[in-house]
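As structure tokens, the structure follows; a few thoughts come after it.
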Amino acid sequence: MKKHIIISRVREYVGRHWFKLILLLLIVIACFRKDLNFSLSLNSANKNKKVEQKKNSTETQTPATLQKEASEGTPLQESGQALSILGTFLGTQKKTDEFPEIDEPTKMAFMRRFIQVAVAERKKYGVPSSLILANALRQSFAGKREITLQGNNHFALPCTFDWTGNTVKIGDDCYRKYENAWLSFRDHSIFITSGKFAELRSLNTTDYKGWAKGLQKLGYPGGGDHLAEDLIDIIEKYQLHTLDSM
């Protein structure tokens, strides 16, 4: 009985004040949507701010500071650290890209990983560090090429009659296979300073343009007609030539 009385009174109240109740409901919904939109806007603003801060941090670094960081940390040939480096300096960023399918963070992370290796190879074999790093980036697609993933081959060096090491077959082509990335860099240094490439050893270690043109002229395997242009563009875009005097 008591329950029926309560229900009856509720119905009576709603019947008298239905307009006020609907208005109140609309106000509550409007406030909820406003708070939700504000929260989403705030989160978006914070996210954009963090991205902008990261971008600014990236653009202020140079190969010199990267080399210093590398020497104080884990050897780069073994490091998979993410990086914020080698942005496009002096406002020279291009809309077109040597490797449009590879994003900038991936390419920069690849270069940072092998800076120390490139510098060490220059000191031992006289090959410009900039050329080594640029050729590795170009030939391996920033470490994403199949021959690099399967065989640690960062320079697309093919099997030759005098190669006695391991090999990997990609399609119809045979490539050299290495136990680690460092061996690939070392073999590349030997490859482009001996045999038909031996004459390049007469070039200065800072003459990256001469080395790039020489590799194309002497027929670097799979280099193509734009090898020199591509290497020079990469070196100058990221100012890798500053590594040649470190």
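Things worth noting here:
- Test: ASN166 is more than 19 Å from LEU231 (Cα to Cα) and either modelled with pLDDT under 95 or within 22 Å of the chain's Cα centre (by Cα) (or both): no
- Taking the conditions (1) in contact with a helix residue (DSSP H, G or I) (Cβ under 8 Å, 6 or more places away or on another chain); (2) assigned to a helix (DSSP H, G or I); (3) exposed (fewer than 13 other Cβ atoms within 10 Å of the Cβ) in turn, ASN204 satisfies each one other than (2).
- Scope the range 175-201; condition over 19 Å from ALA136 (Cβ atoms) and either in contact (Cβ under 8 Å) with a residue 24 or more places away in the chain or surrounded by 20 or more Cβ atoms within 10 Å (Cβ to Cβ) (or both); matching residues: ARG201
- Residue list for the range 157-171, restricted to those being farther than 13 Å from LEU183 by Cα and of a type in the set (Gly, Ala, Ser): GLY171
- Looking across the range 207-232, the residues that are in a helix (DSSP H, G or I) and open to solvent by 50 Å² or more (accessible area, probe 1.4 Å) come down to LYS209, LYS213, GLN216, LYS217, GLU229.
- Of all residues in the range 139-149, none satisfies being among the β-branched types (Val, Ile, Thr) and touching a residue at least 60 places away in the same chain (Cβ under 8 Å).
The values are calculated or read from the model by the stated rules, or taken from the named source; none is laboratory data. Bear in mind that the values here come from a model prediction, so they are computed numbers and not experimental data. Here the Cβ is made from the backbone with ideal geometry for all residues, glycine too, and neighbour counts use every protein chain on show. To get the accessible areas, we keep the full protein, side chains included, count just its heavy atoms, and leave off ligands, DNA and RNA. Shrake-Rupley method; radii C 1.70, N 1.55, O 1.52, S 1.80 Å.
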